[in-house]
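**Q** Pasting a structure here, questions to come.
The values are calculated or read from the model by the stated rules, or taken from the named source; none is laboratory data. Quick caveat, the model's predicted, so the values are computed rather than measured. Positions of Cβ are backbone-derived with ideal geometry, glycine not excepted, and every protein chain shown enters the neighbour counts. What goes into the accessible areas is simple: the full protein's heavy atoms, side chains included, and nothing from ligands, DNA or RNA. Shrake-Rupley method; radii C 1.70, N 1.55, O 1.52, S 1.80 Å.
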Amino acid sequence: MLSDSLSKKIILEVKKLIDEEIIVVNLDGIIIASTDEKRTGSFHEGALVCIEEKQKIFINKEDEKRLRGVKVGLNLPVFFLNKVVGVIGITGEPAQTEPYGELLKKMTELLIQESYYTEQTQLRSRMTEAFVFDWLQPKNKRPELSERAKVLDISLADQRQVILTQVLNKTGLMYTGLWQLTSVWNNSFPKDILIPWGEDRILLIHSVDEQHNASILNQKINQLKVFVKSSWETNIAAGIGRRADSDALADSFEQAEKALQTAIREKKEVVYEENLRLELCLNEVSPQTQEEFTRRILAGVQKNEELLETFRVFFQKNMSVKLTASSLHIHVNTLHYRIKKLEELTGLNLKHFPDSVDLYMALCFLDNHTKNNG
């Protein structure tokens, strides 16, 4: 528990409080950290006495002569889980060092506890991530999960629902705040699993409880969005798969992935896969077919970003001229001009329903291609 790196951290923290020379000694009597770097690596016989007696000892002038590597001062045993794990020593006369000796010992023990529980939390997090990765594999390609689930206290009997979120406009997640997010979420859903999934995604495996209906789940997702906005100063998009038994969790994940892609493409905050209709079909079209279809429909305007963005908004506003113009902050006449221009360049007639559908699909394919090719 008393590693070299942790010992150096202890020395740095303690130096902020006192000016005396300080050492940290391991169970072999070797100084592993010191304010005097020359003493690091040397043997300290007094520390072995302290470890054996499990109580503080004072080193006096006589001890300096008979014990190897010691200086006048105070040695205190450091405990963790009721066992001595090392010694911390303070150089100086007892009258100077004893008043804050116990305080120094307690501070060292607290730092060791903090380091231990941080390591345990990180270890459990890594184990959970590995478990979930295997859980999401097809049943015939994954190892036995039941024993690992017991160790992690994860129920495989519950129905689950995958919620996949992506942090927008960020190169990476701020993992330091993820434990807070886990705490906020698990207050309502203690059986849920929340882990980072790549650099900019959060994976939630929701344990379906009939007492917690969809409205409560939506409230929690809204809380998640507020947390991300306040903590990371960005927004998220979320895709939600259908309920599935534990053995079919991979299906719910795949559905959540499709729903998330739709949410990003259509600039929506939350999309449920079960609500997908046309989008479900569009996702199944091959990239080559998407590219060829886009080229045929948008050949004359594919590089005209102003027109493309105009008609993205046009479809988002359900083809309402008034709402589209308002959202784009342009005059209605300007929008009519752009509609006419697009029709001239593409040969489409937006009053003809199939042409409107073609344009909508081409924009979807174009945005999907752009996203996939970064």
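**Q** Among the candidates LYS351, LYS341, single out the residue that is open to solvent by 40 Å² or more (accessible area, probe 1.4 Å) and part of a loop (DSSP other than H, G, I, E, B).
**A** Within the list LYS351, LYS341, the selection yields LYS351.
**Q** Same structure, new question: What number of residues in segment 103-131 are within 19 Å of SER183 (Cβ to Cβ), of a type outside the set (Asp, Glu) and in contact (Cβ under 8 Å) with a residue 40 or more places away in the chain?
**A** Adding up the residues that qualify gives 3.
For every residue, the table says whether it meets (1) of a type in the set (A, V, I, L, M); (2) outside any helix (DSSP H, G or I); (3) open to solvent by 40 Å² or more (accessible area, probe 1.4 Å); (4) over 20 Å from GLU343 (Cβ atoms).
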site: LYS267; (1), (2), (3), (4): no, yes, yes, yes
site: LEU280; (1), (2), (3), (4): yes, no, yes, yes
site: GLU284; (1), (2), (3), (4): no, yes, yes, yes
site: THR289; (1), (2), (3), (4): no, no, yes, yes
site: PHE293; (1), (2), (3), (4): no, no, yes, no
site: ILE297; (1), (2), (3), (4): yes, no, no, no
site: LYS303; (1), (2), (3), (4): no, yes, yes, no
site: LEU307; (1), (2), (3), (4): yes, no, no, no
site: PHE311; (1), (2), (3), (4): no, no, no, no
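**Q** Quick one: how many residues across segment 221-238 are open to solvent by less than 70 Å² (accessible area, probe 1.4 Å), outside any strand (DSSP E or B) and either touching a Lys or Arg at 6+ places or on another chain (Cβ under 8 Å) or not hydrophobic (A, V, I, L, M, F, W, C) (or both)?
**A** 4
**Q** Got a sec? Which of ASP209, ASP200 is surrounded by fewer than 17 Cβ atoms within 10 Å (Cβ to Cβ) and of a type in the set (Asp, Glu)?
**A** Of ASP209, ASP200, the one residue that is surrounded by fewer than 17 Cβ atoms within 10 Å (Cβ to Cβ) and of a type in the set (Asp, Glu) is ASP209.
To keep it simple, each residue is scored yes or no on (1) assigned to a helix (DSSP H, G or I); (2) at pLDDT below 95; (3) closer than 21 Å to PRO99 by Cα.
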site: LEU6; (1), (2), (3): yes, yes, no
site: ILE11; (1), (2), (3): yes, yes, yes
site: VAL14; (1), (2), (3): yes, yes, yes
site: ASP19; (1), (2), (3): no, yes, yes
site: VAL24; (1), (2), (3): no, yes, yes
site: GLN55; (1), (2), (3): no, yes, yes
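**Q** Counting only residues that are touching a strand residue (DSSP E or B) at 6+ places or on another chain (Cβ under 9 Å) and over 20 Å from GLU102 (Cβ atoms), which one in segment 57-70 is surrounded by the fewest Cβ atoms within 10 Å (Cβ to Cβ)?
**A** My answer is ARG68.
**Q** Collect the residues in segment 3-31 that are open to solvent by less than 60 Å² (accessible area, probe 1.4 Å), in contact with a Leu (Cβ under 8 Å, 6 or more places away or on another chain), aliphatic (A, V, I, L, M) and over 14 Å from VAL70 (Cα atoms), keeping them in residue-number order.
**A** LEU6, ILE10, VAL14, ILE18
**Q** Kindly check whether there is at least one residue in segment 307-328 that is of a type in the set (D, E, K, R) and either in contact (Cβ under 8 Å) with a residue 60 or more places away in the chain or touching a His at 6+ places or on another chain (Cβ under 8 Å) (or both).
**A** no
**Q** Further question on the same structure: Looking only at segment 247-265, which residues are in contact with a Lys or Arg (Cβ under 9 Å, 6 or more places away or on another chain), open to solvent by 10 Å² or more (accessible area, probe 1.4 Å) and touching a residue at least 12 places away in the same chain (Cβ under 8 Å)?
**A** Within segment 247-265, ASP247, ALA250, GLN255, GLN261, ILE264, ARG265 qualify.
**Q** Hey, can you tell me all the residues within segment 107-146 that are at pLDDT 85 or above, open to solvent by 30 Å² or more (accessible area, probe 1.4 Å) and not in a helix (DSSP H, G or I)?
**A** GLN137
**Q** Where residues in segment 77-103 are hydrophobic (A, V, I, L, M, F, W, C) and under 19 Å from VAL49 (Cα atoms), which of them is most open to solvent (accessible area, probe 1.4 Å)?
**A** The residue in question is PHE79.
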